[in-house]
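Read through the structure below, which is laid out as structure tokens, and then see the notes.
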Amino acid sequence: MSLEQYRDVWVYLTREDGKLTRPSLELIAAGRKVADKIGQRVVAVMLGYQLGDAPNEAIARGADAVIYADEPWLKNYLCLPYTRVLVEMCRQYKPYAFLFIADELGRDLSPRVAYRLKTGLATDNIDLEVEDYYFGKDNTTYKNVLAQIRPDFATRVAKIYTPRHRPQIASIRPGNFEPLPHDESRQGELIRFQPSPVEDDFKVEIIEEKTLPKSAVDLENAKVIISLGLGILKDGEGRPRNPREGLKLAEELAELLRERYGLKVEIGATRALIYAELKELEGIITKERQVGQTGKTVAPDIYIALGISGAVQHRVGMIRSKNIVAINTDPNAPIFNIAHYVINDDLYKVVPQLISHLRGQ
Amino acid sequence: MLIIAMLKGVPAKTTGVITVSGVLRREEMELVMNPHDTRALEAAYYLKRRVGGKVIGLSMGPEPKLVPIMNDLYEPSQESRLVPRMPIYGVDENVLLSDRRMAGADTLATAYALAKGIHRIIQLHQEALDGLIELVRNNAPPAEVEGKARELYNENMLPNKVYSTLPTVKESYVKLFVEGRIDREELLEKLEEARRDLINFIILAGMKTSDGETGNTGPQTAEGLSEFLGITIPHAAFVVDFEVSPEENSVIAERKLGNLLQKLRIPIPCLLTLHTEYTPRVPPASVQKRVRLNNYRGQLRKIRIWDATYIGADPEKLGFAGSPTIVGPGMEIGRPPVQKVVGKTLVFKQDMDRFEWNGKRYGPFKKYDPVGGLPEELVRELESKGLLEVFTLKHMIEELFGGLQVVARAV
């Protein structure tokens, strides 16, 4: 394939209640960053029924053009018809890159699209760059390749390149790009794509669709996370403590920060604490609070780790927090290696001090 | 029914990971089963009790690392270092795709190999029935037909309803034929039907792996397999609950896409990836008894190890060669540049302009910057001038929250 004929950065946008979702706006910003570097366009891609003003909104939010399909049979998301339409669009227009949101829908859809196009898919990126990539096997330098930056499974990030294939497909984790401001004066081309439904794609049938209430726990959008580990089971003298006491302190601190500064504060936990299935924490410290490799990856402004030793599986889930405060009695706790603020002391002593200082300030 | 559970060996500890220019060298690390795959095995166990058949564990990776994991899948209720404990009957057999040419695969090349492996599993069972069908067609004497059936049954290739040595199964097709209760034509019909049934498989996978964390391989395997079989194999990712429809030709699955809960009817054959929130259903005992005719002989504790040639894979599409993505050098995100130990670290009391000391320039410094890295003598001098202090909890609070606007005075 001639790589040069592939142009423009496509972004696959989703809507909720007729409006573009926040991750979609972030995705336009991600596309913008790449497109500006290579002097190409950001093209928003939308599938659905009765899209209304959403395509214009995409332009106002930073896209240069929109390719959309607005058909009754695309009203609800189904992987097979959606895959077919996106693949047809790609074959016709040949984009340089195609970005998806790294949410569940993106993870259901983008792998099939990538496989059908026989191209690479880099999942879960936190940033994108454009670089020249030298590939030793071909002894070739590929110009302007997308460097897709994702957290590696250790305490590292890795760059993924798809030098020889187009489009370069990548999914972007929500929360890593700032949406561009709404600019009514922006102009852009709206292209209506008119696909035909293929019966075979509707072998999966939607029986029912429900929108679940959003989880009460929203770690990803919290500004401050106070996380608990197994260390709350003991105090500085090694005496056993009811884990509820630790939880109570964390909640008191959380409430104080919410009230005083209007911050969004959440209580997090390590996998070890959740899987200990302590009776005292039942129904409170649940899986939806888990931070780490098999839980949520978070990057709040302030991450306060209470009694967390910091296994690598936990660290990878919170290492990008802007300020990490670690309180632990063990001077060798690995969490201290990545903490900005090291407090080698008893949390049952320190947290009450923190609370009283905050109150007094 | 052929119930295929896709499993992955993942590094037990992600510390001390050995990579060579970004490619994981799995053979140099201890591998354990991907924790998310327990859901796939639980779902497989539900299906076996609901519709009968056999559970086949399928994986790809270096033989010395994967064989011990696969061995522990026969009895997952036992304590194991490699497989989480599960209160279920284990897999009936294991297929391991192992070939140096498969190494360094991204999700596309992995899905390609797994889909080829699944295609081969189906072919293998078709070939077994084809062998039997041919004998029957060629008017082989009943004793020869039974001999062949027994041989295939012992290799776990025929379900009880076709042939069985179980005393409880008195009416297998072959037995009925040997006893003269059905004729050759009827037997042929039954065998053809059993052969057609082989396409009604279900593939199960965890929603992601704990190392790659992509979740791509499940959906991509369904796509690859669609290509090889010439029929669309649908998939649903993030299934939290499912059951087989009463007609047993589809699954009714609930899956979670963020806060959207979709209830889907998915025709069999299909592929499901199971959400961490998935809990298996328990079919009624009457059903469990009825479907035993669809089961196979039992556990075959011999792992089938297949290379690229055996599964008919194009080496150009496997492993590193077949991977469009290339992992560049990783970058450490280690210790933060500035670290302060509360009650210990000496910090500047106030902002300091650039200054000269012993012919060298230092600074500028900001309030609460640590003195780390400055010559000891200089630190002592600064300290004696009262410019330094020990960093305290109060200072930390000031740094973290001092710039924030107070919206309400807490009581």
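Values quoted throughout were computed directly from the atomic coordinates according to the rules given, and no laboratory measurement underlies them. Remember, it's a predicted structure, so these values are computed and weren't measured experimentally. When we count neighbours, we look across all protein chains shown, and the Cβ atoms used for this are built from the backbone with ideal geometry, even at glycine.
Determine by what factor the alpha-carbon radius of gyration of chain B differs from 2.2 N^0.38 Å, reporting the quotient. Before the final figure, lay out each step's value.
Working: Rg = 30.6 Å, N = 411, 2.2 N^0.38 = 21.7 Å.
Taking N as the residue count of chain B, the ratio is 1.41.
Please identify every one of the trypsin sites (Lys or Arg not before Pro) in the stretch A:56-142 that sits in a loop by DSSP and has no more than 16 other beta carbons within 10 Å of its own beta carbon. Spell out each step's value before the answer.
Numbers: sites: A:Arg61, A:Lys75, A:Arg84, A:Arg91, A:Arg107, A:Arg112, A:Arg116, A:Lys118, A:Lys137; in loops: A:Arg61, A:Lys75, A:Lys118, A:Lys137.
Sparse-neighbourhood loop trypsin sites (Lys or Arg not before Pro): A:Lys75, A:Lys118, A:Lys137.
Taking 51 Å as R0, compute the FRET efficiency from the Cβ-Cβ separation of B:Asp351 and A:Glu252 and round it to 0.05. Intermediate values should be presented prior to the final figure.
Details: r = 34 Å, r/R0 = 0.66.
The value I calculate is 0.90.
Whole angstrom only: what separates the Cα centroid of the stretch A:274-313 from the Cα centroid of the stretch B:46-115?
29 Å
Quick one: helix A:104-117 against the long Cα principal axis of chain A, what's the angle to the nearest 10°, folded into 0 to 90?
40 degrees
Using 1/(1 + (r/R0)^6) with R0 = 25 angstrom and r between the beta carbons of A:Thr140 and B:Met331, what's the FRET efficiency to the nearest 0.05?
The calculated FRET efficiency here is 0.55.
In deg cm²/dmol, rounded to 500, what helix-only [θ] at 222 nm does chain A give when every DSSP H run of at least 4 residues adds -39500 (n - 2.57) and the total is split over its residues?
Numbers: 8 runs with 98 residues, N = 361.
Mean residue ellipticity at 222 nm (helix-derived): -8500 deg cm²/dmol.
Separation between the B:Asn358 and B:Val169 pseudo-spin-labels, each 7 Å from Cα along Cα→Cβ, expressed in nm?
So the two model labels end up 8.6 nm from each other.
Using only the alpha-carbon atoms, how far is helix B:37-51 inclined from the longest principal axis of chain B? Give it as 0 to 90 degrees, nearest 10.
Compared with the principal axis, the helix lies near 20 degrees.
Which angle between 0 and 90 degrees, to the nearest 10, do you get for helix A:79-93 versus the longest principal axis of chain A when only C-alpha atoms count?
60 degrees
I'd like the chymotrypsin sites (Phe, Trp or Tyr not before Pro) in the stretch A:167-263 restricted to DSSP loop residues with at most 16 other Cβ atoms within 10 Å, sorted by number. The partial results should precede the final answer.
Working: sites: A:Phe177, A:Phe193, A:Phe202, A:Tyr261; in loops: A:Phe177, A:Phe193.
Filter output for the stretch A:167-263: empty list.
Loop only per DSSP, at most 13 neighbouring Cβ atoms within 10 Å: give me the GluC sites (Glu not before Pro) in the stretch A:234-273, ordered by residue number. List each step's numbers first, then the result.
Working: sites: A:Glu237, A:Glu245, A:Glu251, A:Glu252, A:Glu255, A:Glu259, A:Glu266; in loops: A:Glu237.
Filter output for the stretch A:234-273: A:Glu237.
State the percent of C-alpha pairs, over all pairs in the stretch A:219-360, separated by a distance greater than 26 angstrom. Before the final figure, lay out the partial values.
Values: 1279 of 10011 pairs.
Result for the distance tail: 13 percent.
Between A:Ser356 and A:Glu88, with labels modelled 7 Å along Cα→Cβ, what's the label distance in nm to one decimal, could you check?
Reported label-point gap for A:Ser356 and A:Glu88 is 7.1 nm.
For a quick check, take a GNM of chain B with Cα springs below 10 Å and name the residue from B:Tyr362, B:Tyr310, B:Tyr153 with the largest mean-square fluctuation.
B:Tyr362
Calculate, for B:Glu389 and A:Lys210, the FRET efficiency according to 1/(1 + (r/R0)^6) with r their C-beta to C-beta distance and R0 35 Å; round to the nearest 0.05.
Calculated value: 0.05.
Report, as an integer, the average count of C-beta atoms from other chains found within 10 Å of each Cβ along B:248-258. Walk me through the numbers before you get to the answer.
Details: counts 0, 0, 3, 0, 2, 2, 3, 2, 2, 10, 13.
For peptide B:248-258, the averaged partner shielding equals 3.
For chain A, set up a Gaussian network in which alpha carbons nearer than 10 Å are linked by springs, and say which option among A:Pro197, A:Pro72, A:Pro334 fluctuates the most.
Comparing A:Pro197, A:Pro72, A:Pro334 in a Gaussian network model of chain A, the most mobile one is A:Pro72.
Taking the Cα centroid of the stretch B:166-244 and of the stretch A:20-74, what is the distance between the two, rounded to the nearest whole Å?
The two parts, judged by their Cα centres, are 41 Å apart.
Just grab the label-to-label distance for B:Leu378 and A:Lys19, each label 7 Å out from Cα along the Cβ direction, in nm (one decimal).
Result: 5.3 nm between the two label points.
Which residue fluctuates most in the GNM of chain B (Cα springs below 10 Å): B:Arg297, B:Arg50, B:Arg196?
B:Arg196
What residues have an amide H closer than 5 Å to that of B:Trp357, excluding those fewer than 5 places away on the same chain, when H is modeled at 1.01 Å from N in the peptide plane?
Distant-sequence amide H within range of B:Trp357: B:Tyr362.
So for the protein assembly as shown: antiparallel DSSP bridges make up what percent, rounded to the nearest 5? Numbers along the way, then the final one.
On the way: 51 of 122 bridges.
So the antiparallel bridges in the protein assembly as shown amount to around 40 percent.
Roughly speaking, what % of Cα-Cα pairs in the protein assembly as shown are separated by over 35 Å, rounded to a whole number? Walk me through the numbers before you get to the answer.
Details: 159494 of 297606 pairs.
Result for the distance tail: 54 percent.
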